[in-house]
1. Residue by residue through the range 80-123, note down the ones that are surrounded by fewer than 19 Cβ atoms within 10 Å (Cβ to Cβ), aromatic (Phe, Trp, Tyr) and more than 21 Å from Glu62 (Cβ to Cβ).
2. For the range 189-212, check the following and say yes or no: at least one residue is part of a helix (DSSP H, G or I) and either surrounded by 20 or more Cβ atoms within 10 Å (Cβ to Cβ) or in contact with a His (Cβ under 8 Å, 6 or more places away or on another chain) (or both).
3. Looking only at the range 87-102, count how many residues are part of a loop (DSSP other than H, G, I, E, B) and touching a helix residue (DSSP H, G or I) at 6+ places or on another chain (Cβ under 8 Å).
4. Would you tally the residues in the range 165-188 being part of a loop (DSSP other than H, G, I, E, B) and surrounded by 13 or more Cβ atoms within 10 Å (Cβ to Cβ)?
5. Taking the conditions exactly as written (touching a strand residue (DSSP E or B) at 6+ places or on another chain (Cβ under 8 Å), hydroxyl-bearing (Ser, Thr, Tyr) and touching a residue at least 40 places away in the same chain (Cβ under 8 Å)), does Ser194 satisfy them or not?
6. From Leu56, Leu45, Leu9, grab the single residue that is at pLDDT 90 or above, in contact with an Asp or Glu (Cβ under 9 Å, 6 or more places away or on another chain), not in a helix (DSSP H, G or I) and not basic (Lys, Arg).
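The values are calculated or read from the model by the stated rules, or taken from the named source; none is laboratory data. Source: prediction; values computed, not measured. Don't worry about glycine lacking a Cβ; one is built from the backbone with ideal geometry, like all the others, and counts go over all protein chains shown.
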Amino acid sequence: MGLSSISFLNAAEVKVSVPPMLLKDTAQEISEKQFRTRKGRVYNLKTRKVAVAELLPFLKKETVFNLCRQCPNFDQLWSCPPIVPDFEKFSAGYKNADMFLFWAATGQFAEEESPAIACYEFLKKKNRKYMLKLEKEKNGQAVFSFSCDLCSQCGKKEGKPCKKPQEIRFNLTAFGFNIDDLTKVLMNHPISWSTDRNEAQYITQLSILLSG
């Protein structure tokens with residue numbers, strides 16, 4: 001889902017019970033690195049390895065899909081609900097999930113018309129390149145944090161099959177995950193949301209690599 005269509009997936013909509021000490025314990029399992037591009041753009045990458053089973057409590061398909069109906073991509077892309085595979089079946093052949101959380105401050109894009117969107121697109125390029133490279137190296141299956149945009153017009157809108165079935169990648173929200181709680185609990189990272197009055201202070205994108 002795009003930047004403009006994910007802001008309604010707010011933490012207030014879905015809650016997961018969190019043990020009081022979980023966030024403190026989780027922080028010890030997370031690694032974080034910072035990168036700077038040649039143009040001086042800075043972004044951060046948090047990583048953590050979990051079992052696929054640890055992701056499942058954050059699957060809230062009915063609630064998330066109801067929210068997704070507000071998005072113009074709903075039932076219009078092969079990578080979006082309600083036509084995506086069931087995650088538990090999709091991940092059945094894998095035991096592990098490496099989590100990769102990319103985030104960057106929107107303030108460094110202040111010269112752009114929409115700093116949040118510019119930051120989102122910047123991160124998406126870094127995210128996609130990193131995950132596809134890792135997917136080949138680890139012989140795993142990447143799941144992105146954004147909708148497929150490989151084609152100028154998705155075949156779904158034309159009533160046709162996917163034009164690039166080997167290249168399409170699904171995203172966590174499309175599977176029905178509540179991303180706000182997933183990042184907060186498993187990655188110790190609250191998401192900054194854009195509102196009608198203020199843009200997000202930073203953009204967060206969470207992708208995973210299924211393996212093992």
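1. Tyr94
2. no
3. Number satisfying all stated conditions: 3.
4. Counting residues in the range 165-188 that are part of a loop (DSSP other than H, G, I, E, B) and surrounded by 13 or more Cβ atoms within 10 Å (Cβ to Cβ) gives 7.
5. no
6. Going through Leu56, Leu45, Leu9 in turn, the sole match is Leu45.
Conditions tested, residue by residue: (1) touching a Lys or Arg at 6+ places or on another chain (Cβ under 7 Å); (2) without any contact (Cβ under 8 Å) to a residue 60 or more places away in the chain.
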residue	(1), (2)
Lys125	no, yes
Ser145	no, no
Gly176	yes, no
Leu186	yes, no
His189	yes, no
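Per-residue answers, yes or no, for (1) modelled with pLDDT under 95; (2) under 13 Å from Thr173 (Cα atoms); (3) aliphatic (A, V, I, L, M):
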position	(1), (2), (3)
Gln34	no, no, no
Lys61	yes, yes, no
Gln70	yes, no, no
Leu77	yes, no, yes
Lys89	no, no, no
Lys95	no, no, no
Glu121	no, no, no
